[in-house]
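The values are calculated or read from the model by the stated rules, or taken from the named source; none is laboratory data. Quick caveat: nothing in here was measured; it's all calculated off a predicted structure. FYI the Cβ positions are ideal-geometry reconstructions off the backbone, even for glycines, and counts take in every protein chain you see. For accessibility, only protein heavy atoms count, side chains too; no ligands or nucleic acids. Shrake-Rupley method; radii C 1.70, N 1.55, O 1.52, S 1.80 Å.
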Amino acid sequence: MATFTVNGKSVTLDVDDDTPLLWALRDELRLTGTKFGCGIAQCGACTVMLDGAPVRSCQTQVGTLDGAEITTIEGLDGPEAEAVQNAWTKIDVPQCGWCQSGQVMAATALLKDTPKPSDADIDNAMWGNVCRCATYVRIRAAIHDAADTLEG
Amino acid sequence: MTTQTRRQFLASSAGLVIGVSLPLKGRAQSGAAAVMTTGDAGEGTFAPNAFVRVAPDDTVTFICKHIEFGQGPYTGLATLVADEMDARWDQMRVESAPANDELYKNLFFGLQATGGSTAMANSWMQMRQAGAAARAMLVAAAAEEWGVDAAGITVAQGVVRHEGSGQSATFGDLAEAAARQDVPVEPAVKNPSEFTYIGTDMPKVDSRAKSNGTATFTMDVYRDGMEYVVVRHPDVMGATVAGFDATEAEKVRGVTAVRQIPQGVAVYATSTAAAIKGRNALSVEWDMSAAETRSSAEITAAFREAAQSQGLIVEEAGDSAAAIEGAATVHEAEFTFPYLAHATLEPMDAVLEVREGTAEIWMGAQFPGFDKGAVVQTLGLDPEKVTMNVMFAGGSFGRRAQTVPQIGSEIAEIAKAAGGDGAWKLIWTREDDMTGGFYRPLTVHKLRGGLDADGNIVGWEDRIVNQSIINGTMLDQGNPEDPTAYEGSTKMPYNLPNLTVDWVRMESPVPVLWWRSVGHTHTAYATEVFLDELLEKAGKDAVQGRLDLLKEDAGRDRAVLERVAEMAGWDGNRVKGDRAYGVALHESFSTYCAMIAEVSDDGGTPRVHKVWVAVDCGIAVNPNVIRAQIEGGLGYGLGSALYNALTLGEGGVVQERNFDTYRMLRITEMPEVEVEIIASDADPTGIGEPGTPPIAPAVANAWRALKGEAPRNLPMVS
Ligand code: FES
Ligand code: FES
């Protein structure tokens, strides 16, 4: 039993403590924007924000989350998120789309920390997010585009 | 214009094979995979054929017979319809067609199927006619309502107008009246000069939903009372369950049942997490009598041995043996290619609900009829009462085009074992997906080439040794040949007067499948690396040597090669500073593609900095989607060529079970990509796959310039 906040709402889940947050979000809360790709913290498809920092929800156990604040793609907002999602749409980043919630989470976290990221900053922030469709050229372009938008 | 009354039309239903004039019956029943759904066709909706619906709210819904897993058919085919209708882009909606092999067949294959980069090519005229028919009926309706001559009516941006009388109406206004008009059987389509959307970068219809988490995939489907199921599959291909002990698994909180099915042992639970935990607690004994217990090393050795003897000759010209015998220089090479997993980021999955003799399936199926058929047969249901919702899929690359309905059968067996009504979601973990078979075939190429004293290639031989993808499956037509095993080694664009290509077919319980660009995944590498080496031995430039060798009628190959050389500033110097340049040219799926790769040596590993690409895929319906497919296709090919082998270890056990060992290309390894699309008025051809084959040989040829040798055994990094 753990009580924490998801997208601003308090939730109490009666599941085993070792339940991965990923499956709790999806199966218990029906927040299906967070995706499963590997289950071993290798792909980033399951990325969510934990107290404002991106984490792999497949390797985050619900029992460790008492009092934590979780944000999923469904609850993502703010100027960085908006700029990222607009850039993603404008540049048509997604192909199959499966990785893209995670990419958007990671890119948003990057821009919150580093409003004007260099290519090296992008590499550092994004290398953990696999895109099997290899949309990387556009991910990079869209992050730069979002940064430009935020700069105004 | 030939017309038919609407009633005749509906009555003639099933067997009707007119491209456009497909009846209403069987049109989309569900918008589950819809991008922006309008719901079921309601009162007053105009549905001129199986592909187009115009609603009174002025939305136009295009029903897409091809599955969307990233290659862009929703956008590309909606563009055709919107253009011919003269619709507004923002009034267009896209929905997935349900399983119906008659209505929604791929015109190249004769059944509902997505694959072989055919979505655009087979739909090109059909969808344009579907749009044109809708437009003609809207115009006829307006003419009737306004009492004017149809000839004076124009349509633009979703508005129908009659200048003379000053009347105008939206599509939505006319929907009901249009539904009463005769359906044109062969509606006239536009001249290319009249295109408004075709040829432009129309924004993709699914980008927004795929950027905010709202796009709905199979794994996102939840049904009331649904159980979550994972299956303990064998570790070794072809093994079956001999016995199992579920005592510990059944103790796991949330596990509701453990049942044997033909595919393994299924664990049913109230959540995915519980099902996985339950599976981890199972112990299973396996019957290995039909299993592939050889390792990849042993299989490769057997294939190399088989490469010593001639196989089935699949292309022959002149006398290659004599020509090579008499050659001044003989060059030989053997290449080996491992099994490869598709590793779609959304692993295999399916949802099935059975209620009182009816069933509904949710799946990312490329051959939806096969998977639906598996459910119908396994559960003994009336096909009319089984609905298939073709969902967005998180990648496929061929994996979901199942020559045997692996996933449809498994979810059906899960339902059958449970008995009675219910709903089940089958989830494959990454480990299931990696070890589940249906790989790119392990392949050996053995090549011989001969040069005369002037450096002309006088003889060429290529022997391909691998398993058949088609033979022994539901697609087997009983032919001894299977071009998917060697396509690309045959019908090369080069003048090779003495040539023999032969195929040695091998058998193994390891199931194999098409993997993005199929045979071209290895033939492009073997032929373009070998040719590059021969040209160098002949003292010829890699680009000019290829141009000189191209056949008279290979104009499209020539154009992409010349263009890419210009783009990259090719000057014959293959090494500049620490960078080397390699070229490759390869046509696949009737699309012509040439690449030049800029590569450096990063501590013994090729590092690809930039790739220039010239591509000719006929009329570029959506250049933005074409560029995206080239970027993605070459990234997919590059990652595999550099890093990937699906290896059977000792006893046949798959070694790479997840991304920690099956390494994915990451953003840090993705080169810059510059694409040019050759202007063309030829009918559009495929784009999902042709970007994959040329990248590996281009990189290998650059690597050889740098290091003296091109890799003989893929992957390049091991
Ligand atoms: S599913 Fe969590 S990192 Fe891959
Ligand atoms: S868009 Fe398909 S995995 Fe990234």
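Report, to two decimal places, the Cα Rg of chain B normalised by 2.2 N^0.38 Å (N = number of residues).
Its radius of gyration relative to the 2.2 N^0.38 Å reference: 1.01.
Going 7 Å from the Cα of A:Thr5 toward and past its Cβ, which residues in the stretch A:41-80 have a backbone nitrogen under 12 Å from where you end up?
A:51-52, A:67-71
Average partner chain C-beta neighbours within 10 Å, per residue of A:23-36?
If you average over the peptide's residues, the count of other-chain Cβ atoms is 5.
Summarise the accessible area of the stretch A:79-151 (1.4 Å probe, protein heavy atoms) by the percent that is carbon and sulfur.
Of all accessible area on the stretch A:79-151, carbon and sulfur atoms account for 50 percent.
How long is the gain from B:Tyr222 to B:Asp601 if the chain were fully straight, where each residue apart is worth 0.36 nm and the alpha carbon distance is subtracted?
131.5 nm
For chain A, divide the Cα radius of gyration by the Kirkwood radius and give the resulting Rg/Rh value with two decimals.
Result: Rg/Rh = 0.98.
When the Karplus curve 6.51 cos²θ - 1.76 cosθ + 1.60 is applied with θ = phi - 60°, which whole-Hz ³J(HN,Hα) does each residue of the stretch A:19-32 get, with x for Gly and Pro?
5, x, 3, 3, 6, 5, 4, 6, 7, 8, 9, 6, 8, 8
Which FRET efficiency, nearest 0.05, do B:Glu481 and B:Glu332 yield, Cβ-Cβ r, R0 22 Å?
The value I calculate is 0.30.
Please give the average number of partner chain Cβ atoms lying within 10 Å of the Cβ of each residue in B:215-222, rounded to a whole number.
4
Compute the FRET efficiency between B:Ile313 and B:Glu250 as 1/(1 + (r/R0)^6), taking r as their Cβ-Cβ distance and R0 = 56 Å, and round to the nearest 0.05.
Approximately 0.45, to the nearest 0.05.
Sticking with the crude label model, points 7 Å out along Cα→Cβ, report the distance from B:Ser165 to B:Glu566 in nm, one decimal please.
5.3
Show that you can apply the helix-only estimate: for the protein assembly as shown, add -39,500 (n - 2.57) for every DSSP H stretch of four or more residues, divide by all residues, and state [θ] at 222 nm to the nearest 500.
Taken over the protein assembly as shown, the calculation gives -8500 deg cm²/dmol.
Suppose we flag GluC sites (Glu not before Pro) only when DSSP calls them loop and at most 12 other Cβ atoms lie within 10 Å. Which is the longest uninterrupted stretch of chain B?
That gives B:164-355 as the longest site-free run.
Which FRET efficiency value, to the nearest 0.05, do you get for B:Glu145 and B:Met474 by plugging their Cβ-Cβ distance into 1/(1 + (r/R0)^6) with R0 = 51 Å?
0.55
Within 11 Å, Cβ to Cβ, of B:Asn713, how many net charges do the neighbouring residues add up to if Lys/Arg are +1 and Asp/Glu are -1?
+1
For the stretch A:2-75, with only Lys/Arg (+1) and Asp/Glu (-1) charged at the beta-carbon, what is the dipole magnitude about the Cα centre, in debye rounded to 20?
With Lys and Arg at +1 and Asp and Glu at -1, about 360 debye.
List the trypsin sites (Lys or Arg not before Pro) within the stretch B:438-515 that DSSP assigns to loop and that have no more than 13 neighbouring Cβ atoms inside 10 Å.
Passing sites in the stretch B:438-515 are B:Lys491.
Could you sort the residues of the stretch A:121-138 by number and keep only those whose accessible area is reduced by 20 Å² or more in the all-protein-chain setting relative to the chain alone, 1.4 Å probe?
A:Asp123, A:Trp127, A:Val130, A:Arg132, A:Cys133, A:Ala134, A:Tyr136, A:Val137, A:Arg138
Going by alpha carbons, how many degrees (0 to 90, nearest 10) lie between the helix axis of A:136-151 and the longest principal axis of chain A?
Tilt of helix A:136-151: around 80 degrees.
Any idea how far apart B:Lys551 and B:Glu384 come out in nm if each label point goes 7 Å out from Cα toward Cβ?
Calculated label separation equals 5.1 nm.
Would you work out which of B:Pro234, B:Gln260, B:Phe195 lies farthest towards the positive end of the dipole of the protein assembly as shown? Charges go on Cβ: Lys and Arg +1, Asp and Glu -1.
The Cα lying farthest towards the positive end belongs to B:Gln260.
Could you tell me the extents of the stretch B:546-637's C-alpha atoms along the three principal axes, largest first, rounded to whole Å?
Computed over the stretch B:546-637, the largest-to-smallest principal extents equal 41, 31, 19 Å.
Using a 10 Å cut-off around each Cβ of peptide B:269-280, what is the average number of partner chain Cβ atoms that fall inside?
If you average over the peptide's residues, the count of other-chain Cβ atoms is 4.
Output the DSSP H helices from chain B with an along-axis C-alpha extent of no less than 27 Å and a mean Kyte-Doolittle hydropathy no less than -0.5.
Correct list, ordered by number: B:119-146, B:623-643.
Please work out the Cα convex hull volume for the protein assembly as shown and give it in Å³ per residue.
171
At the nearest 100 Å², what buried accessible area, both sides summed, do you get for A and B when the probe is 1.4 Å?
4600
Using DSSP, restrict attention to beta bridges with both residues in the stretch B:16-210 and report what percent are antiparallel, rounded to the nearest 5.
Beta bridges within the stretch B:16-210, antiparallel portion: roughly 70 percent.
Which value in nm describes the separation of the simple spin-label points at B:Glu325 and B:Ala682, placed 7 Å from the Cα toward the beta carbon?
Simple spin-label model gives 3.8 nm for this pair.
Among the listed pairs A:Lys35/B:Lys385; B:Lys105/B:Lys372; B:Lys576/B:Lys610, give every one whose C-alpha distance is greater than 21 Å.
Check vs 21 Å cut-off fails for A:Lys35/B:Lys385.
Compute, for chain B, the length of the dipole vector about the Cα centre, with Cβ point charges of +1 (Lys, Arg) and -1 (Asp, Glu) only. Units Debye, rounded to 20.
Dipole of chain B, to the nearest 20 debye: 1060 debye.
Considering the zone a paramagnetic label at B:Thr214 would reach in this model (a point 7 Å from Cα along the Cα-to-Cβ line), which residues of the stretch A:1-45 have amide N under 16 Å from it?
Counting backbone N atoms under 16 Å from the label point, the list is A:31-34.
With no solvent and one equal point scatterer per Cα, compute the Debye intensity ratio I(q)/I(0) for the stretch B:16-210 at 0.13, 0.18 Å⁻¹ and report its log10, rounded to two decimals.
Taken in order of the listed q values, log10 I(q)/I(0) reads -0.62, -1.22.
Cross-link partners among lysines for B:Lys551, C-alpha distance below 26 Å, same-chain residues fewer than 8 apart left out?
Straight-line reach from B:Lys551, under 26 Å: B:Lys446, B:Lys491, B:Lys537, B:Lys540.
Express in nm, to one decimal, how much length is gained between B:Asp452 and B:Arg88 on full extension, taking 0.36 nm for each residue of separation and deducting their alpha carbon distance.
Using 0.36 nm per residue and subtracting the Cα-Cα distance, I get 124.8 nm.
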